[in-house]
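Trainee: Please read through the structure below; I'll follow up with questions.
The values are calculated or read from the model by the stated rules, or taken from the named source; none is laboratory data. Quick caveat: nothing in here was measured; it's all calculated off a predicted structure. Using ideal geometry, Cβ is built from the backbone for each residue, glycine included, and neighbour counts are taken over all protein chains shown.
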Amino acid sequence: MSKQKKSCPNLNHNRVNVQLRFCAHCGDIVNKKIAPKECSEATHAQRRKGRSFHCVDCGEKLITGSAW
Ligand SMILES: [Zn+2]
Ligand SMILES: [Zn+2]
């Protein structure tokens, strides 16, 4: 039942002043101080094009399937 910590290559995890709540790669919270936002579908569509796995504002998974 223990959650294994996977190593995420996203540099946001190591930064101190991250202006994003969620990591775009693994979807983990990188800065709890930043409030989650509600995004429009257009925002998510744009992020999908930018190949973000997760939305950095609301944490929603954008790319599903066997991307990794
Ligand atoms: Zn991450
Ligand atoms: Zn979002």
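Results for (1) surrounded by 13 or more Cβ atoms within 10 Å (Cβ to Cβ); (2) closer than 17 Å to P9 by Cβ; (3) more than 14 Å from ligand 2 (Cβ to nearest atom), shown as yes or no for each residue.
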residue: C23; (1), (2), (3): yes, yes, no
residue: V30; (1), (2), (3): yes, yes, yes
residue: A35; (1), (2), (3): no, no, no
residue: T43; (1), (2), (3): yes, no, no
residue: V56; (1), (2), (3): yes, yes, no
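Trainee: Sort out which residues of the stretch 55-68 are within 16 Å of ligand 1 (Cβ to nearest atom) and in a loop (DSSP other than H, G, I, E, B), and write them in order of number.
Mentor: Let us first name the residues in the stretch 55-68 that are within 16 Å of ligand 1 (Cβ to nearest atom), namely 55-63, 67-68.
Hits for the stretch 55-68 are C55, V56, D57, C58, G59, E60, L62, I63, A67, W68.
Trainee: Still on this structure, please answer the following. Any residue at all in the stretch 39-54 that is part of a loop (DSSP other than H, G, I, E, B) and at pLDDT 95 or above? Break it down stepwise before answering.
Mentor: Taking the stretch 39-54 and keeping what is part of a loop (DSSP other than H, G, I, E, B), we get 39-40, 50-53.
Okay, now just the ones that are also at pLDDT 95 or above, so 39-40.
Taking every residue of the stretch 39-54 in turn, at least one turns out to be part of a loop (DSSP other than H, G, I, E, B) and at pLDDT 95 or above.
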